[in-house]
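Everything on this sheet refers to the single structure shown next.
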Amino acid sequence: MSNPDGIQRRSLMWSLIGLSLGLGTAAQAQSAGQMLEELAKAAAAKRAGLPTALPSIDDDLLIASSQNEGEAGIRAALLQGAGAAVSRLGKADGFWGDTRVRIPLPEPLASLQKRLSPLRLSVPLDNFQLRLNRSAESMMPKAGSIFVDTIRGLTIEDVLKVLRGGDTAGTDLLKAKSYAGLVSLMTPPMAEAVQASGAGPALDRIQSRYGNEIERLGGWGSLKNYSGAPITLPAPPPPEVPAPVAPPPKAAAVTTKTKAGATKTKAVTAIPVPPPPPPPPPPVVLDNPLKNQLIGFAVDRALDGLFVYIGEEERGIRRDPARRGTDLLKRVFGNL
């Protein structure tokens with residue numbers, strides 16, 4: 001006797017294979033992409049506590065043929081998970097207030113912090129850790145564009161892997177495909193956030209105060225896997241220079257001759273020439289290897305936390321029908 005769930009699963013897979021052979025149209029794909037972007041924004045707003053309603057699925061626009069439904073469902077689930085995770089972590093205390101994903105200090109600072117905390121001597125280290133977590137919170141929104149591009153670029157083989165995989169198969173695939181791009185995209189804003197939060201100068205003070213103890217504990221070995229290469233930040237905007245108050249133009253005397261040979265003088269006002277604009281400021285280059293390794297460490301830990309919650313959202317969609325916010329998700333994941 002055949003298994004109805006197995007038949008539904010195989011039917012969905014064959015539908016997806018049909019899509020890879022060109023059964024979907026470009027217009028349908030474009031409409032799906034627009035809907036998925038709306039879905040991601042709505043899910044993020046919902047998680048942030050803002051009044052919103054997830055967009056409804058218009059079968060005529062998104063899934064005019066059933067071959068589109070499975071693929072669209074997987075993409076929608078990943079976008080919903082990514083949007084929810086970015087919204088959750090990209091606010092005050094998103095990292096700092098959540099012990100599950102709070103970014104720790106690298107070793108040996110973490111050990112030193114633990115030893116000094118009972119003596120109430122760890123305040124400089126505690127403040128430094130807070131600044132790192134605030135930096136991660138401020139740069140979370142930058143991840144959205146990478147996720148949208150990655151999810152759009154999933155192949156039919158990718159979708160089948162997700163359908164056949166476990167509770168976080170989509171998250172694992174998304175991480176594998178987007179991690180390098182996320183690191184590249186988020187390193188400059190993390191560096192800017194670290195600078196703005198005061199974490200950079202705080203690290204200098206910690207190095208000066210605890211340098212001997214750090215060396216005794218083995219140095220900064222925990223950062224050796226992160227690049228200390230220079231990080232180039234975008235050039236800061238040029239400062240606003242008030243327009244100079246030009247002195248009133250001087251009248252120059254011009255002498256001309258008349259036909260009769262007499263001379264005639266009249267005043268001509270000179271047109272003032274504005275000064276040239278100042279040259280744009282050069283880009284900022286951070287060339288302190290230790291600070292750049294610390295930035296790499298913070299980016300890595302921030303992304304780990306981000307994927308923790310993307311995975312949690314995917315697991316919830318697969319297991320709990322109440323987490324499937326649209327009819328599309330209910331149909332696709334109800335058949336798995």
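The values are calculated or read from the model by the stated rules, or taken from the named source; none is laboratory data. Everything numeric in this text was worked out from a predicted model, so none of it was measured. No Cβ is skipped: glycine too gets one built from the backbone with ideal geometry, and neighbour counts run over all protein chains shown.
Here are the numbers for this structure:
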{"quantity": "Only listed residue being surrounded by 20 or more Cβ atoms within 10 Å (Cβ to Cβ), closer than 20 Å to GLU71 by Cα and modelled with pLDDT under 90, chosen from ILE151, ILE156", "calculated": "ILE151"}
{"quantity": "Residue within region 110-127 that is of a type in the set (Val, Ile, Thr), surrounded by 13 or more Cβ atoms within 10 Å (Cβ to Cβ) and part of a helix (DSSP H, G or I) present", "calculated": "no"}
{"quantity": "Subset of region 123-171 (residues that are aliphatic (A, V, I, L, M) and more than 24 Å from ALA302 (Cβ to Cβ))", "calculated": "ILE156, VAL159, LEU160, VAL162, LEU163"}
{"quantity": "Meets criteria (touching a Lys or Arg at 6+ places or on another chain (Cβ under 9 Å), farther than 16 Å from TYR210 by Cβ, β-branched (Val, Ile, Thr) and part of a helix (DSSP H, G or I)) for VAL101", "calculated": "no"}
{"quantity": "Within region 168-178, tally of residues that are under 22 Å from MET139 (Cβ atoms) and crowded, with 16+ Cβ neighbours inside 10 Å", "calculated": "5"}
{"quantity": "Check on ILE103, crowded, with 19+ Cβ neighbours inside 10 Å and at pLDDT 90 or above", "calculated": "yes"}
{"quantity": "Flag if LYS175 is within 22 Å of ASP304 (Cα to Cα) and in contact with a Pro (Cβ under 7 Å, 6 or more places away or on another chain)", "calculated": "no"}
{"quantity": "Test result for PRO51, part of a loop (DSSP other than H, G, I, E, B), farther than 20 Å from ASP320 by Cβ and either among the basic types (Lys, Arg) or modelled with pLDDT under 90 (or both)", "calculated": "yes"}
{"quantity": "Conditions (1) of a type outside the set (A, V, I, L, M, F, W, C); (2) at pLDDT 90 or above; (3) over 21 Å from the mean Cα position of the chain (by Cα): number failed by THR187", "calculated": "(3)"}
{"quantity": "Condition met for TYR226 (within 21 Å of ARG301 (Cβ to Cβ), surrounded by 12 or more Cβ atoms within 10 Å (Cβ to Cβ) and in contact with a Phe, Trp or Tyr (Cβ under 6 Å, 6 or more places away or on another chain))", "calculated": "yes"}
{"quantity": "Any hit, region 314-328, residues being at pLDDT 85 or above, in contact with a Gly (Cβ under 8 Å, 6 or more places away or on another chain) and within 30 Å of LYS224 (Cα to Cα)", "calculated": "no"}
{"quantity": "Count of residues meeting criterion [assigned to a helix (DSSP H, G or I) and either surrounded by fewer than 18 Cβ atoms within 10 Å (Cβ to Cβ) or of a type in the set (Lys, Arg) (or both)] in region 184-199", "calculated": "4"}
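So that you can scan it fast, the table gives a plain yes or no per residue for (1) assigned to a helix (DSSP H, G or I); (2) surrounded by fewer than 16 Cβ atoms within 10 Å (Cβ to Cβ); (3) touching a residue at least 60 places away in the same chain (Cβ under 8 Å):
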position	(1), (2), (3)
GLY166	no, yes, no
ALA180	yes, yes, no
ASP204	yes, yes, no
SER208	yes, yes, no
GLU213	yes, yes, yes
